[in-house]
Amino acid sequence: MEIPDKTSEDGIPRRSMESEFEDGNFVSKSACVYGGLLESVFMIPFRRLGFQSSAPVFPVLLDQIKVNVDSQSSSATKYTVNLSYGRQKWKINVGIVQLFSLNAYLHYRGVTDLRRDKPNICGEGQFRGVEEFLRTVLHRSRILDIGKVYDFFRISRYSFNGTKMFEDKFHVSIMDLNESRCRTSCYGVLEISGKIYVVSKRSHLVFVDYRNGYRDMNVLFYRRDLDVKYKADVFYSKITMVRDGRKYVIKSFRHDSVLQLFNEIQKGLEERRGSERLFSFSPVRRGSMINFYVDGKSYFWNLYETLHLARREVFIAGWWIYPTLYLRREYVGGKLDEKYRIDYVLKELAEEGIRIRILVYGEVFGALKMNSNHTCEFLSNLHKRIEVLRHPDSIGHAPIYWTHHEKLVVIDQRIAYVGGIDLAPGRYDTQEHSLFRTEWACGGLGTDRRKEEVFSKILELPWHDVQCKVVGGSAFDISQHFIERWNFVISKYDGEGGSARLLIPNEEFIEIEQTLGDLEVNRAFPKTQVLRSVGKWSLGYDEDSISRGYSEVIRNSKRFIYMENQFFITKCDLAPGYPENTIGRALVERIIQADRAKEEFKVYVVIPLCPIFDGGFMVGLTPAAEIVRIQSESISRGDTCLHQVLKRNGVDSGRYIVFMCLRKIHFDGKRIGQEQIYVHSKMIIADGTSAIVGSANLNDRSMLGNRDTEVALLVRDEREVVCKLLKRLLKEHLGAWEEDQNRYGPKDFLESWLLGNELDLASDDVFTRIVARARGNTEMFEKMFGNIKSYAGGHLNLYSVESDFIWEVLNGIKGHLVLFTDNFPVDREVGRSIFGIQALIPSVIYY
């Protein structure tokens, strides 16, 4: 299901609100309940904190907690107390000693009278006496927040963040089993020993240092590889957990509390094991709403609106984050309106009380020119609520070869964007992909004139990309990825993150989705799952669920596969060596299977004509030439390329797969020019029902899981969301937009087919016509400009035109598709020197 255009501000359907208040008895029946609630709310300004805490006040109205002693489970010396707060319910076990100890402490604090308010546990009404004592404690603690009261009732600031499960004090030890990383102190994360408050939630455990301002010390997420054991001795019981080189030991002499915590951990692990697929950290969700945005303008415009919906926090992670990027380009007084700049938006949100956390990739000095250090300083200085971490921030902390390549924005842990579009210059583009964007040249991209000129050259390269917006459970999973990375960076740098604090997942919205999970209407939503590639250097462990997801989508495809990617570097046979990712092999096997079974099956691959462009981001020419050579060995050159492997198996590759790229032509009446449309999207669609959209390139860096950090979203939908994305892409590439019919004349077969309801790319007729259109466009370009390989560079070229055949060429080009060629003259030794930086770079990084 797609995201509706408008949502109510309070999230409550207006129809249900009206129906409740139409009943006149609603107010009278609830007066006694809400009267007490109103009194408690009025007392909030007068509350004061009676203990040290990193939060101002725990968000709980204590006198609204309902107390009931379970007489069936209680004895004369030990009581089972049922508690409820709104829809939350939990129970605690208390003894006589604990009751009198609490009364003595509150008397010392001046809250109760030691004799008059002591619990009445004599006679037949002892259970009622315990209830009255506990109600008195809660009522008199409504103004003065006392930590011991919260501890007694097992309440923390995370108790009602989602479903309240179990929490208590335990003796906790967290040890690093990797001797090479063992340290005496690491921001209180790598080594913890002592009394710790442990909060159990559906997806994680939170360890809180209640003795030191209730500071969050560690967050442990449940995953299938978490090894959990329970052991009960005579004097104490303990839980031992081991994962990622760390050992967690939780123990207490209160055997029932340890056993209850163990059961909650097991329940959380079972929920994960039952729903995780592809060895992903994320379960399969049903109930998320999806929207796709093709090209940068549509994404940036929607992002601007969504950022203003934030009420609590915003997370941003990116390979390149440009701090003065314009999300919208509207002119006021002859210049771009600065209120649409991302730094203005973030500062405005921070001033409203919303916390902004940003993770910036720290590039290798001299290899990339993104100036991440300036980004960190610029954004951090905007407001105290904007926190920015940079990783890696020095060579000594992590390998210099890999990057954090994900492009994420998360709002309130319930709305998330994932895809291939960076918050950076050059990404703002439309479906027309104009070669000239004169309004950008005066857009004020920086105060330095020289920098403006550099960026204007980059912006003139047409840019094609795809971003996905998700609302619901999968957005929570994307926020979990950000939280894990944020907490990992803090722990990795021994507190060098400054005042940055650990982040805790907010399960409030995920609980709503799970409540609706069994409803019939929920079946209208697609199934979604977050996939990622992370390594030990970036998150402490390896995960390659994106690669597994691509392989599964290919193997399970029935009719066709449509792919767009910046690269096509993959292993297509069983020979050892680089590349190592086997997505190409999965494609080969699926095509061979179709050929053997005489199936109609087609594969469409759209990639850039030249995967690396000279935009000032690479040092020298060797990296670009090396990547072009490596990619050609995956597609058409050598014995291990895709075409040769299919040929050895008796398959005519031309019947099943086509490689295409995108080009744009410009004519201003006097001069005509052309340029490639740089394909930066990273996605795969199978049969119009399954799609993966994310930041992962088709190469080893993105797919192996222990190199670049990537995030993607797998969507399975039998209705229309994925199909509508595919149609929009094909309309753009084939030039079949409804508004273009006046320019191109009557509809041809492809246009009529795309504007209809059926979409079957497996048809031989459709495949032949799409290839024919790409070939026809290629011939028109070559007719006008010469061989296609002669203009594969990254800059715009203009040619004076005096011939009469210009209109013949323009009318002959429909859409942007042209056939791909890798017949470029590549010299591997160009620019290579024993004194250059390229001589120090291992070849593995190009794969």
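The values are calculated or read from the model by the stated rules, or taken from the named source; none is laboratory data. This is a predicted model, so every value here is computed, not measured. Note that each Cβ is placed from the backbone with ideal geometry, even for glycine, and that neighbours are counted across all protein chains shown.
With respect to (1) surrounded by fewer than 23 Cβ atoms within 10 Å (Cβ to Cβ); (2) modelled with pLDDT of 95 or more, the lone exception for Phe560 is condition (1).
The set of residues in the stretch 209-225 that are farther than 14 Å from Leu261 by Cβ, buried (at least 18 other Cβ atoms within 10 Å of the Cβ) and either modelled with pLDDT of 90 or more or among the charged types (D, E, K, R) (or both) comprises Asp209, Asp216, Val219, Phe221, Arg223.
If you take the residues in the stretch 686-728 that are among the basic types (Lys, Arg) and more than 19 Å from Tyr361 (Cβ to Cβ), which one is surrounded by the fewest Cβ atoms within 10 Å (Cβ to Cβ)? Ranking the qualifying residues of the stretch 686-728, first place goes to Arg719. Answer yes if at least one residue in the stretch 657-680 is in the same structural domain as Gly535 (by TED's automatic domain parsing), within 19 Å of Val818 (Cα to Cα), outside any strand (DSSP E or B) and not aliphatic (A, V, I, L, M), and no otherwise. Yes; the residues of the stretch 657-680 include at least one that is in the same structural domain as Gly535 (by TED's automatic domain parsing), within 19 Å of Val818 (Cα to Cα), outside any strand (DSSP E or B) and not aliphatic (A, V, I, L, M).
All conditions in (1) in a loop (DSSP other than H, G, I, E, B); (2) touching a His at 6+ places or on another chain (Cβ under 6 Å) hold for Ala350, with the sole exception of (1). Within the stretch 229-242, track down each residue that is part of a strand (DSSP E or B) and without any contact (Cβ under 8 Å) to a residue 60 or more places away in the chain. Lys229, Tyr230, Lys231, Ala232, Ser237, Lys238, Ile239, Thr240, Met241, listed by residue number.
Results for (1) in contact with an Asp or Glu (Cβ under 7 Å, 6 or more places away or on another chain); (2) modelled with pLDDT of 55 or more; (3) within 21 Å of Asp151 (Cβ to Cβ), shown as yes or no for each residue.
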site	(1), (2), (3)
Gln52	no, no, yes
Pro59	no, yes, yes
Lys78	no, yes, yes
Gln98	no, yes, yes
Arg116	no, yes, no
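Checking each residue in the stretch 80-95 for being more than 20 Å from Gly147 (Cα to Cα) and out of contact with any Phe, Trp or Tyr (no Cβ under 7 Å at 6 or more places or on another chain) picks out Thr80, Asn82, Gly86, Arg87, Lys89.
Taken together, the residues in the stretch 269-280 that are at pLDDT 90 or above and out of contact with any Leu (no Cβ under 9 Å at 6 or more places or on another chain) amount to 1.
Among Val553, Val588, which is within 28 Å of the chain's Cα centre (by Cα) and either crowded, with 20+ Cβ neighbours inside 10 Å or assigned by TED's automatic domain parsing to the domain that holds Ser695 (or both)? The conditions single out Val553. Condition test on Ile196, is it under 26 Å from Asp542 (Cβ atoms) and either among the hydrophobic types (A, V, I, L, M, F, W, C) or over 29 Å from the mean Cα position of the chain (by Cα) (or both)? Answer is no for this residue.
Of the helices (runs of 4 or more DSSP H) lying entirely inside the stretch 372-486, those carrying at least 3 residues that are more than 27 Å from Gln566 (Cβ to Cβ) and at pLDDT 90 or above are 372-380. Of the residues making up the stretch 710-733, not a single one is outside any helix (DSSP H, G or I), more than 21 Å from Thr821 (Cα to Cα), modelled with pLDDT under 95 and among the aliphatic types (A, V, I, L, M). Among the residues of the stretch 327-339, the one identified as buried (at least 18 other Cβ atoms within 10 Å of the Cβ) and at pLDDT below 95 is Leu336.
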